[in-house]
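See structure below.
Just so it is clear, none of the values below were taken in a lab; they were calculated from the coordinates. Note that this is a predicted model, so its numbers are computed, not measured. Note that we place each Cβ from the backbone using ideal geometry, even for glycine, and neighbour counts take in every protein chain shown.
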Amino acid sequence: MSDVADRVRKIVVEHLGVEEDKVTENASFIDDLGADSLDTVELVMAFEEEFGIEIPDDAAETIQTFGDAVKFIKEAQQ
Amino acid sequence: MFDLTGKSALVTGASGGIGGAIAEALHGAGATVGLSGTRTGPLEELAGKLGDRAHVLPCNLSDAEAVEALPRQAADAMGGLDILVNNAGITRDQIFMRMSDEDWASVIEVNLTSTMRLCKGVIRPMMKARWGRIVNISSIVGATGNPGQANYAAAKAGMVGMSKSIAYEVATRGITVNCIAPGFIETAMTDKLNDEQKGGILGQIPMNRMGSPDEIAAATLYLASPEAGYVTGTVLHVNGGMAMF
């Protein structure tokens with residue numbers, strides 16, 4: 001299970017250029033990690049690619065934090 | 001300069017005079033081209049003339065589902081999609097007081113809404129590639145207005161506002177979005193004008209001649225090229241001086 005979190009964290013760190021320890025459960029991509037709205041779209045695209053899932057636009061809008069992303073991806077994989 | 005080797009370009013309205021010239025120019029610069037349009041015959045003919053690196057991708061731009069599917073079809077056929085040229089357009093001229101909702105809606109749908117849908121479809125792969133060129137073919141009429149063309153002028157002006165907004169949003173990703181606004185260009189459409197009409201038009205053009213499709217194609221090639229990487233959100237007017245901005 002932690003595998004998903006690690007892979008998501010790696011994507012976030014690479015894409016947003018932030019320190020790994022900043023990417024905590026409740027870290028908001030926009031408020032805490034300095035993402036702009038286009039970055040969040042690109043993160044979702046990267047998640048889709050990494051995990052081979054489709055994240056529809058309305059679902060993508062609910063993914064605000066690192067924890068949201070991990071939770072969504074785990075559920076999508078089941 | 002203006003080398004497009006290894007790039008893939010989708011051109012709508014490639015069965016028409018301007019679209020065909022644009023496809024030919026991009027192809028001549030080394031790009032693989034996807035020729036889209038409603039009439040398959042002229043597209044096949046153009047593809048045959050161009051030879052390698054030309055793909056025929058018929059699409060009815062008033063069919064929303066077909067439009068949404070087009071970018072993916074084009075990317076699959078060409079192995080990528082780096083350049084989009086929205087050139088297709090229709091007219092349903094009528095004086096404004098007699099213009100029906102249908103005349104209005106069909107022109108907005110094909111000229112503006114389909115452009116929006118195609119832009120949306122290509123931005124995802126362009127963002128991933130960190131490179132992209134969108135060239136929307138607007139019209140002088142979008143800037144000056146024209147009697148009998150309230151629908152067409154609205155669509156073409158709308159294209160400019162939309163292009164500038166998208167240009168803002170994707171500027172940091174290496175994607176540029178620009179418009180070209182042709183004036184009067186020698187095509188099948190303007191061939192239908194009689195001498196008196198032509199004379200009237202020429203009188204308004206400082207260069208005293210119509211433009212050629214190749215002159216629009218050259219402007220498109222520039223905006224599609226790596227060299228135009230710092231040009232975004234602009235409208236390039238190609239009109240012989242007919243209107244100066």
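Result for chain B in a Gaussian network model with C-alpha springs under 10 Å: among B:23, B:88, B:150, the largest mean-square fluctuation is at B:150. Ranked by the mean number of other Cβ atoms within 10 Å of their residues, highest first, the peptides B:219-230, B:58-69 fall in the order B:219-230, B:58-69.
Determine the relative contact order of chain B: mean sequence separation of Cα pairs under 8 Å and six or more apart, normalised by residue count, in whole percent. Walk me through the numbers before you get to the answer.
Working: 497 pairs, mean separation 50.0, N = 245.
Normalised by residue count, the contact order of chain B is 20 percent.
So how tilted is helix B:114-129 from the main axis of chain B? Cα-based, degrees 0 to 90, rounded to 10. Between helix and principal axis, roughly 30 degrees.
With a ≥ b ≥ c the root eigenvalues of the C-alpha gyration tensor of chain A, is it rounded (a/c under 1.5), prolate (a/b larger than b/c) or oblate? Working shown, then result.
Numbers: a/c = 1.56, a/b = 1.20, b/c = 1.30.
Since a/c reaches 1.5 but b/c is at least a/b, the shape of chain A is classed as oblate.
Rounded to the nearest angstrom and listed largest first, the equivalent-ellipsoid semi-axes of the protein assembly as shown from its Cα gyration tensor are 41, 21, 18. Taking amide H atoms as placed 1.01 Å from N in the peptide plane, the amide H of residue B:33 lies under 5 Å from those of B:9, B:54, B:55, each 5 or more residues away in sequence or on another chain.
For segment A:5-77, the relative contact order is 35 percent, taking Cα pairs closer than 8 Å that sit 6 or more residues apart in sequence and dividing their mean separation by the residue count.
For segment B:150-166, backbone phi angles converted through the Karplus equation (6.51, -1.76, 1.60; θ = phi - 60°) give residue-by-residue couplings of 4, 5, 5, 5, 5, 5, 6, 6, x, 4, 5, x, 5, 4, 5, 5, 5 Hz, Gly and Pro being listed as x.
Relative to the longest principal axis of the Cα atoms of chain B, the long axis of helix B:64-78 makes an angle of roughly 50 degrees. Each Lys or Arg adds one and each Asp or Glu subtracts one; over the other residues with Cβ under 12 Å from the Cβ of residue B:99, this totals -2. In chain B, the calculated helix contribution to ellipticity at 222 nm averages -14000 deg cm²/dmol per residue, counting -39,500 (n - 2.57) for every DSSP H run with n ≥ 4.
If R₀ is 22 angstrom, what is the calculated FRET efficiency for the pair residue B:227 and residue B:172, using the beta carbon separation as r and rounding to 0.05? With R0 = 22 Å, the Cβ-Cβ based efficiency is 0.65. Largest GNM mean-square fluctuation across B:231, B:160, B:141, computed for chain B with C-alpha springs under 10 Å, falls on B:231. Of the residues A:46, A:59, A:35, the one that moves most in a GNM of chain A with alpha-carbon contacts below 10 Å is A:59.
Between the Cα long axis of helix B:40-50 and the first principal axis of chain B there is an angle of about 60°, rounded to the nearest 10.
Once backbone amide H atoms are built at 1.01 Å from N, residue B:90 has B:111 as its partners under 5 Å, excluding neighbours fewer than 5 places away on the same chain. With the helix formula -39500 (n - 2.57) applied to DSSP H stretches of n ≥ 4, chain A reaches a computed 222 nm mean residue ellipticity of -18000 deg cm²/dmol.
Take the Cα pairs of segment B:8-238, get the Kirkwood Rh, then feed it into Stokes-Einstein at 10 °C and 1.306 mPa s and tell me D in µm²/s. In µm²/s, the coefficient rounds to 90. Across segment B:221-234, coupling constants 3J(HN,Hα) worked out from phi with the 6.51/-1.76/1.60 Karplus curve, θ = phi - 60°, read 4, 4, 5, 7, 7, x, 5, 8, x, 9, 9, 8, x, 9 Hz, and Gly and Pro carry x.
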